[in-house]
Amino acid sequence: MTVDYLDKFKGTLLGVAIGDTLGRPFEGLIRMRIHSQFKNFKEFIENNKKLFKTYTDDTQLTLHTAQALIDGWGFKVDYLIREFIKWLDDPPIGPGFGCLSSIQKLKYGINWKEAASKAGGNGTAMRVSPIGLFYSKDPKTLEHAAIKSSRVTHSHPAASAGALVTAKAIAYLIDKKPNTKFSIDNFFEYIISPLNISNDNIWQEFNEILNTLKENLDIPIEAGLIKFSQIGVKSPFFIEEYLGKAFVHPYAISTVVCAIFIFLKHLSSFEDCIYELATAGGDSDTVAAIGGSLAGSYFGIKGISEELINLINENQKIIEISEELYKKFKERYLK
């Protein structure tokens with residue numbers, strides 16, 4: 001089977017930006033309230049384009065991660081830190097506290113081991129897709145790079161586990177074609193396997209949660225989001241008022257699980273998948289950015305409509321970075 005890897009690279013980074021852009025206006029709202037605003041989301045976008053004028057820090061940091069891989073010919077901590085510091089001058093768009101606080105410390109010369117936030121948020125899973133792409137042929141290096149890239153800003157094991165599983169999912173999907181089915185069992189086995197390298201309780205809990213997800217893929221979207229929106233979240237971070245509602249928590253594990261759930265429920269259309277992701281509720285831009293990276297790595301740019309691509313700010317810049325990252329990947333792994 002011949003895979004057009006350039007198509008997949010472009011699709012993945014654009015998928016992040018599209019999900020991020022479409023989800024941004026709905027951040028902080030429950031799914032029911034979001035869906036009450038429209039009957040047809042595609043028409044809603046067309047009639048409200050000003051709402052979707054930009055992506056956020058999810059896409060910005062994804063692009064900076066890609067640039068660090070390009071400049072470093074692979075993952076190097078110093079290159080990643082340099083790119084993250086550059087992000088502060090972009091300037092950041094809607095940044096999360098964990099990323100912003102730690103990167104500000106990095107700017108002033110604090111070692112990353114001391115600068116990293118202790119939060120278990122989704123700020124590292126949202127930006128890890130370039131690592132999943134670049135090391136898709138090199139599983140062990142992928143695992144090392146995904147974990148290390150997370151720890152630069154987030155020392156919490158949930159953050160590194162979320163980034164690792166997201167990167168592994170992308171590496172699995174890049175070789176799959178949307179017109180042929182893939183094994184759900186093999187997919188989960190591939191993304192879960194590296195969690196077994198750690199005895200950390202949170203990593204083991206994530207393993208169990210992913211197995212629970214695999215056994216519940218037949219439930220409706222609303223029911224699944226209610227079930228998984230705050231899964232793994234502990235007191236005092238669990239949000240009681242959203243109990244029994246679809247509101248994706250910014251905790252890394254719950255966000256990644258919801259992104260995977262929605263993606264696996266929409267394997268026939270990038271558009272349907274990204275619309276569901278963007279309107280999932282809660283941390284809508286980030287669950288859509290992560291899910292968008294999965295959908296993009298599966299469908300490729302050929303599976304994304306021109307309308308969605310043209311909606312994205314600086315879409316040509318994203319495509320150019322995708323091409324540069326692909327060139328480095330090709331030189332290293334496709335000789």
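Just so you know, all these numbers are worked out from the coordinates, no wet-lab data involved. All figures in this text were calculated on a predicted structure; none of them were measured in a lab. With ideal geometry, Cβ positions are generated from the backbone for all residues, glycine too; neighbour counts draw on all protein chains shown.
In region 1-34, what residues are among the hydroxyl-bearing types (Ser, Thr, Tyr) and assigned to a loop (DSSP other than H, G, I, E, B)? Walk me through how you get there before you give the answer.
In the first step, residues of region 1-34 are kept if they are among the hydroxyl-bearing types (Ser, Thr, Tyr); the result is 2, 5, 12, 21.
Across region 1-34, the qualifying residue is only Thr2.
Does Thr54 satisfy being closer than 26 Å to Glu306 by Cβ, polar (S, T, N, Q) and crowded, with 24+ Cβ neighbours inside 10 Å?
On the way: closer than 26 Å to Glu306 by Cβ: yes; polar (S, T, N, Q): yes; crowded, with 24+ Cβ neighbours inside 10 Å: no.
It is false that Thr54 is closer than 26 Å to Glu306 by Cβ, polar (S, T, N, Q) and crowded, with 24+ Cβ neighbours inside 10 Å.
Have a look at Ile262, Ile274, Ile321, Ile304 and point out the one that is surrounded by fewer than 24 Cβ atoms within 10 Å (Cβ to Cβ) and under 24 Å from Gly162 (Cβ atoms).
Values: Ile262 fails: surrounded by fewer than 24 Cβ atoms within 10 Å (Cβ to Cβ); Ile274 fails: surrounded by fewer than 24 Cβ atoms within 10 Å (Cβ to Cβ); Ile304 fails: under 24 Å from Gly162 (Cβ atoms).
None of the other options fit; the residue is Ile321.
State whether one or more residues within region 86-102 are assigned to a helix (DSSP H, G or I) and more than 23 Å from Ile290 (Cβ to Cβ). Before you say what the answer is, go through the steps one by one.
Looking only at region 86-102, we keep the residues that are assigned to a helix (DSSP H, G or I), and these are 86-87, 97-102.
Next, only the ones that are more than 23 Å from Ile290 (Cβ to Cβ) stay: none.
No - not one qualifying residue is present in region 86-102.
Out of curiosity, is Ile45 without any contact (Cβ under 8 Å) to a residue 60 or more places away in the chain, part of a helix (DSSP H, G or I) and over 23 Å from Ser229 (Cβ atoms)? Please lay out each step first, then the result.
Numbers: without any contact (Cβ under 8 Å) to a residue 60 or more places away in the chain: no; part of a helix (DSSP H, G or I): yes; over 23 Å from Ser229 (Cβ atoms): yes.
Spelling it out, it is not the case that Ile45 is without any contact (Cβ under 8 Å) to a residue 60 or more places away in the chain, part of a helix (DSSP H, G or I) and over 23 Å from Ser229 (Cβ atoms).
Give the number of residues within region 78-113 that are on the phi < 0 side of the Ramachandran plot and more than 20 Å from the chain's Cα centre (by Cα).
Matching residues across region 78-113 total 19.
Name the single residue that is surrounded by the fewest Cβ atoms within 10 Å (Cβ to Cβ) among those in region 210-245 being part of a loop (DSSP other than H, G, I, E, B) and in contact with a Leu (Cβ under 9 Å, 6 or more places away or on another chain).
The extreme case among them is Leu217.
Listed here are the residues, each with its yes/no results for (1) touching a Phe, Trp or Tyr at 6+ places or on another chain (Cβ under 8 Å); (2) touching a residue at least 40 places away in the same chain (Cβ under 8 Å); (3) among the aromatic types (Phe, Trp, Tyr).
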| residue | (1), (2), (3) |
| --- | --- |
| Ser284 | yes, yes, no |
| Ala288 | no, yes, no |
| Ser293 | no, yes, no |
| Asn313 | yes, yes, no |
| Ser322 | yes, yes, no |
| Glu331 | no, no, no |
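From the list Leu173, Leu142, Leu133, exactly one residue is free of Cβ contacts under 8 Å to residues at least 40 places away in the same chain and crowded, with 24+ Cβ neighbours inside 10 Å. Which is it? So that I can check it myself, show each step before the final result.
On the way: Leu173 fails: free of Cβ contacts under 8 Å to residues at least 40 places away in the same chain; Leu133 fails: free of Cβ contacts under 8 Å to residues at least 40 places away in the same chain.
The unique qualifying residue is Leu142.
What is the one condition in (1) assigned to a helix (DSSP H, G or I); (2) closer than 23 Å to Ser322 by Cβ; (3) not hydroxyl-bearing (Ser, Thr, Tyr) that Lys140 does not satisfy?
So Lys140 meets the others, but not (2).
In this structure, does Leu195 turn out to be without any contact (Cβ under 8 Å) to a residue 60 or more places away in the chain and not aromatic (Phe, Trp, Tyr)? Full working, then the answer.
On the way: without any contact (Cβ under 8 Å) to a residue 60 or more places away in the chain: yes; not aromatic (Phe, Trp, Tyr): yes.
Judged against the criteria, Leu195 is a match.
Is it the case that some residue within region 11-34 is among the polar types (S, T, N, Q) and within 22 Å of Pro220 (Cα to Cα)? Break it down into steps so the answer makes sense when it comes.
At the first step, the residues of region 11-34 found to be among the polar types (S, T, N, Q) are 12, 21.
Within this subset, residues satisfying the condition of being within 22 Å of Pro220 (Cα to Cα) are none.
For region 11-34, residues among the polar types (S, T, N, Q) and within 22 Å of Pro220 (Cα to Cα): absent.
Among the residues of region 73-85, are any free of Cβ contacts under 8 Å to residues at least 60 places away in the same chain, among the hydroxyl-bearing types (Ser, Thr, Tyr) and either under 16 Å from Phe329 (Cβ atoms) or assigned to a helix (DSSP H, G or I) (or both)? Walk me through how you get there before you give the answer.
At the first step, the residues of region 73-85 found to be free of Cβ contacts under 8 Å to residues at least 60 places away in the same chain are 76, 78-79, 82-83, 85.
Retained after the next criterion (residues that are among the hydroxyl-bearing types (Ser, Thr, Tyr)): 79.
Now restrict to residues that are either under 16 Å from Phe329 (Cβ atoms) or assigned to a helix (DSSP H, G or I) (or both): 79.
Within region 73-85 (the criterion being free of Cβ contacts under 8 Å to residues at least 60 places away in the same chain, among the hydroxyl-bearing types (Ser, Thr, Tyr) and either under 16 Å from Phe329 (Cβ atoms) or assigned to a helix (DSSP H, G or I) (or both)), the answer is yes, since at least one residue qualifies.
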